[in-house]
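Just below is one structure, and these are the notes that go with it.
The values are calculated or read from the model by the stated rules, or taken from the named source; none is laboratory data. Fair warning: this is a prediction, and the values are worked out from it, not measured in the lab. Neighbour counts run over all protein chains shown; Cβ positions are idealised from the backbone, glycine included.
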Amino acid sequence: MRPMNKKKKHNASLSPTISDLSSWSHLPPELLEQIFALLSPSDRHRFRLICSPWRGVARQFIPPFPLPFEPPRLLLSRPDNALSFYDLFNSKSLSYSLPAPHRRARCFGYLAGWFFLVSDQNPSRACLFNPVLLAEIPLPDLEFPIKKAILSAPPGFPNCVVAVMGRSASALCEVAGKRWQVLDLGQRLFDDIIFWRNQLCGIENRGNVLICNFDMESRRTSLVTVQLPEQWKYSEVYLVESTGGDLLTVMKYCHMFWVYKLDQQCTWEQMEQIGDQALFLGVIRSESVPVNRFLGSGLRENSIYLASRKFERPFGLVVIYSMEDESMTTVPLSGQHSVLADPVWVSPVIWP
């Protein structure tokens, strides 16, 4: 009997039986929730793939958890136009890339695991794609070429709206909508857009930030105009929400950066320091992250990370600016990448 038991135990460790897998799938949901809360983002991806009950726990209980963060990655376009990821803080390209048929699509936006992709075969065909869930949400055909897309919330959340910014117009669409609602802004065009406090905010080409309150049902939009500081005339300008929920405007000119916060009187207050946060800026996506959630990663507090294809090799695509001593350093990227597409900051935090 003992040899048989020993052999059975040895075989079970090499190859689980159907009954073994069945027992794992029947673990109490309360226990699975506690396990899931302790996992890293990559392990949470694997957790979802075990079986249907585990996937249901992950989908149901992700939002309330204080999710662990990892430093943002860069989504780059390789010379063959395939999209791949780059780990800036470990200086290496990641082996994972988007699966076909989205591998060579153009990425114009990202939020919480969902990519806004435009087909390389048909520039009017757009979708939201989640590579972890292997889920795709088709969107209405685009009515004009776009430069950037943003989401007000991950798909599946209430009142999720998609906004796109083009060279000739800007438009809104609900995720399940049938057509785009073009914003009536007259001759004003946006250079950057962001959702902030359920409002669409955009930097328009006359040196103002427009704060748009929109109603998708009535198709009405009301505007509040806030004039930018004087530096906008000769600067690159980006909008980003701080870790504290404030609307920030960041301006770059040569080797200098200026950061302004919108106060309660709708005026811009200059920030000499940005404290225990780092700002990740880019043409496609910008975000702020709390540095104390990235201990040991090499992420610098009170700093700005700017990714742009305008920076020529061999200097790479990223510069780091210190708000403390006003120094700027370039970060070379190993491996080959194309400068025909803008790099995109991607946070590896996946929502259902």
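Consider the range 170-211. How many of its residues are assigned to a loop (DSSP other than H, G, I, E, B) and out of contact with any helix residue (DSSP H, G or I) (no Cβ under 7 Å at 6 or more places or on another chain)? Outline the logic, then answer.
If we filter the range 170-211 for residues that are assigned to a loop (DSSP other than H, G, I, E, B), which is where we start, we get 175-180, 183-189, 197-198, 205-207.
From what is left, the residues that are out of contact with any helix residue (DSSP H, G or I) (no Cβ under 7 Å at 6 or more places or on another chain) are 175-180, 183-189, 197-198, 205-206.
Final tally of qualifying residues: 17.
Restricting attention to the range 85-95, and to residues there that are without any contact (Cβ under 8 Å) to a residue 24 or more places away in the chain and touching a strand residue (DSSP E or B) at 6+ places or on another chain (Cβ under 8 Å), which single residue is surrounded by the fewest Cβ atoms within 10 Å (Cβ to Cβ)? Break it down stepwise before answering.
Of all residues in the range 85-95, those without any contact (Cβ under 8 Å) to a residue 24 or more places away in the chain come to 87, 90, 94-95.
Add one more test, that the residue is touching a strand residue (DSSP E or B) at 6+ places or on another chain (Cβ under 8 Å), and what stays is 87, 94.
Working: 87: 15, 94: 13.
My answer is 94.
Here residue 70 passes the criteria (1) acidic (Asp, Glu); (2) part of a helix (DSSP H, G or I); (3) modelled with pLDDT under 80 except the one numbered (2). Restricting the range 262-283 to residues that are of a type in the set (Val, Ile, Thr) and over 19 Å from residue 331 (Cα atoms) leaves a set whose member that is modelled with the lowest pLDDT is 267. If you go through the range 312-334 and keep only what is assigned to a strand (DSSP E or B), under 22 Å from the mean Cα position of the chain (by Cα) and modelled with pLDDT under 90, you end up with 318, 331. Given the condition part of a helix (DSSP H, G or I), at pLDDT below 65 and over 20 Å from the mean Cα position of the chain (by Cα), answer yes or no: does some residue in the range 25-36 qualify? Checked the range 25-36: no residue is part of a helix (DSSP H, G or I), at pLDDT below 65 and over 20 Å from the mean Cα position of the chain (by Cα).
Only one entry of 309, 300 meets the criterion of being assigned to a loop (DSSP other than H, G, I, E, B), of a type outside the set (Gly, Ala, Ser) and touching a residue at least 24 places away in the same chain (Cβ under 8 Å), and that entry is 309. Those residues that are in a loop (DSSP other than H, G, I, E, B), of a type outside the set (A, V, I, L, M, F, W, C) and at pLDDT below 90, I need them from the range 124-161; list them, please. The answer is 131, 154, 155, 156, 158, 159. Is it true that some residue in the range 262-278 is out of contact with any helix residue (DSSP H, G or I) (no Cβ under 6 Å at 6 or more places or on another chain), of a type in the set (A, V, I, L, M, F, W, C) and within 20 Å of residue 342 (Cβ to Cβ)? Scanning the range 262-278 turns up no residue that is out of contact with any helix residue (DSSP H, G or I) (no Cβ under 6 Å at 6 or more places or on another chain), of a type in the set (A, V, I, L, M, F, W, C) and within 20 Å of residue 342 (Cβ to Cβ). When each of 198, 205 is tested for being surrounded by fewer than 20 Cβ atoms within 10 Å (Cβ to Cβ) and modelled with pLDDT of 85 or more, the lone residue that passes is 198.
So that you can scan it fast, the table gives a plain yes or no per residue for (1) within 21 Å of the chain's Cα centre (by Cα); (2) outside any loop (DSSP other than H, G, I, E, B):
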| residue | (1), (2) |
| --- | --- |
| 248 | yes, yes |
| 270 | no, yes |
| 285 | yes, no |
| 296 | no, no |
